[in-house]
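What follows is a single structure, written as structure tokens, with notes after it.
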Amino acid sequence: MKPQLHKLPLINNTSFLYDQLHCKYFDKPWHFHEEYELVLIDKGKGTKFIGDKVGMFTDGDLMLIGSNIPHLFRNHEEYYQNNRRLQASSIFIHFTEDFLGEHFFNVPELKQVYKLLTNASFALQIHGKIRKWIISKLKEMGSLSAAYRLLGLMEILIRLSESKEIKPFLSNSFIADSRTSSSSNQQQETDRIHKVFEFIIKNYKQELYMQEIASMLNMSCASFSRYFKQHTRKNFSSYVTEIRISHACNQLMLDNESITQISYSSGFENLSNFYRHFRRITGVLPKDYRKRFQEISSNVS
């Protein structure tokens, strides 16, 4: 799979792109672009595929995604079933490292901002008070002139560079394979990986067989295994396990189902297997994960 390279248009001769998206569900394909992306999920829930990692997203999620990191935000299945009560919306800013000049961020006063942009290759998740402030700022920028939007973006970057409320989503810096191919081949590859992601999302709660998805793509199991690992940097079973654990984390935060029920509803056949993978991926046991979330929620309220 080669993620689709997107060339993002600027509007009215501006130096960066500010836009708002309102839709039934997010429909951007698995893609990457040269620009950094500051993205707010204003409304919507689902699964995010970023680099070589998967996780859940929900209302209010805010991230700074670095240049050339492939990503995809896919809503939960109910968003595709003509449910009029469900909507998706986002606010996002795209900018290149040199959008204000080739060496603009190399000046001493912006040393911390330059470090922030370097760290964005880990796809940064933004939390706490700074998240609330940036959300307010992004919504305010919708009614500002281009010049004041520019000032707003610089203020956001400076405040972010000083914040301690940022966590990397990726464990390793991720750079996309940006070697170009013909547009027709690129579209074929985008369609192909979409088939894979769609299949996983629709079926991860039950037993998944690599033979089934390999046949769907007219590949042998060995070819599909190489194809998947080469371009996602994970083997198929590990990737599916991460999606299952992400779902389990979401359920632990959202409802009071028993851990056993969550284990089976996330696609695990036995509890010991669930516990082993959960601790390996999150570093804690499911009950401790839930407890930590409850403690954080009570402190916020």
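The values are calculated or read from the model by the stated rules, or taken from the named source; none is laboratory data. Remember, it's a predicted structure, so these values are computed and weren't measured experimentally. In this analysis, Cβ positions are derived from the backbone assuming ideal geometry, glycine residues included, and neighbour counts consider all displayed protein chains.
Determine if the range 282-292 includes at least one residue that is at pLDDT below 90, in a helix (DSSP H, G or I) and not charged (D, E, K, R). Within the range 282-292, one or more residues are at pLDDT below 90, in a helix (DSSP H, G or I) and not charged (D, E, K, R).
A quick yes/no check of all residues on (1) surrounded by 15 or more Cβ atoms within 10 Å (Cβ to Cβ); (2) assigned by TED's automatic domain parsing to the domain that holds HIS22; (3) out of contact with any strand residue (DSSP E or B) (no Cβ under 8 Å at 6 or more places or on another chain); (4) in contact (Cβ under 8 Å) with a residue 60 or more places away in the chain:
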{"residue": "ALA88", "(1), (2), (3), (4)": "yes, yes, no, yes"}
{"residue": "GLU102", "(1), (2), (3), (4)": "no, yes, yes, no"}
{"residue": "SER121", "(1), (2), (3), (4)": "yes, yes, yes, no"}
{"residue": "ILE134", "(1), (2), (3), (4)": "yes, yes, no, yes"}
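Can we say GLU102 is at pLDDT below 95, over 18 Å from the mean Cα position of the chain (by Cα) and not basic (Lys, Arg)?
yes
Determine if the range 168-176 includes at least one residue that is surrounded by fewer than 13 Cβ atoms within 10 Å (Cβ to Cβ) and at pLDDT 95 or above. Looking for residues that are surrounded by fewer than 13 Cβ atoms within 10 Å (Cβ to Cβ) and at pLDDT 95 or above, one finds none in the range 168-176, hence no. For first residues located in the range 146-159 and free of Cβ contacts under 8 Å to residues at least 40 places away in the same chain, partners that are of a type in the set (Val, Ile, Thr) and lie 6+ apart or on another chain with Cβ distances below 6 Å do not occur.
Entry remark, the range 223-246: residues being without any contact (Cβ under 8 Å) to a residue 60 or more places away in the chain and either aliphatic (A, V, I, L, M) or surrounded by 20 or more Cβ atoms within 10 Å (Cβ to Cβ) (or both) number 6 in total.
For VAL113, are the conditions met, namely being in contact (Cβ under 8 Å) with a residue 24 or more places away in the chain, of a type in the set (A, V, I, L, M) and part of a helix (DSSP H, G or I)? The answer is yes for VAL113. Which of the residues belonging to the range 250-278 are at pLDDT 90 or above, part of a helix (DSSP H, G or I) and not aliphatic (A, V, I, L, M)? Once the filter is applied, which keeps residues that are at pLDDT 90 or above, part of a helix (DSSP H, G or I) and not aliphatic (A, V, I, L, M), the range 250-278 yields THR260, GLN261, SER263, TYR264, SER265, SER272, ASN273, PHE274, TYR275, ARG276, HIS277, PHE278. Scanning the range 56-86 for residues that are at pLDDT 90 or above, crowded, with 21+ Cβ neighbours inside 10 Å and not in a strand (DSSP E or B) yields a count of 1. Taking the range 215-252 as the range and being touching a Lys or Arg at 6+ places or on another chain (Cβ under 7 Å) and hydrophobic (A, V, I, L, M, F, W, C) as the test, the residues that pass are MET216, LEU217, LEU252.
Looking at this structure, is LYS53 surrounded by 15 or more Cβ atoms within 10 Å (Cβ to Cβ), among the basic types (Lys, Arg) and assigned by TED's automatic domain parsing to the domain that holds GLN125? Criteria met by LYS53. When you scan the range 226-241, do you find a residue that is modelled with pLDDT of 85 or more, over 22 Å from ILE50 (Cβ atoms), among the aliphatic types (A, V, I, L, M) and part of a helix (DSSP H, G or I), even just one? Within the range 226-241, none of the residues are modelled with pLDDT of 85 or more, over 22 Å from ILE50 (Cβ atoms), among the aliphatic types (A, V, I, L, M) and part of a helix (DSSP H, G or I). Just one of the numbered conditions (1) outside any loop (DSSP other than H, G, I, E, B); (2) at pLDDT 80 or above; (3) not assigned by TED's automatic domain parsing to the domain that holds LEU72 is not true of THR190: (2).
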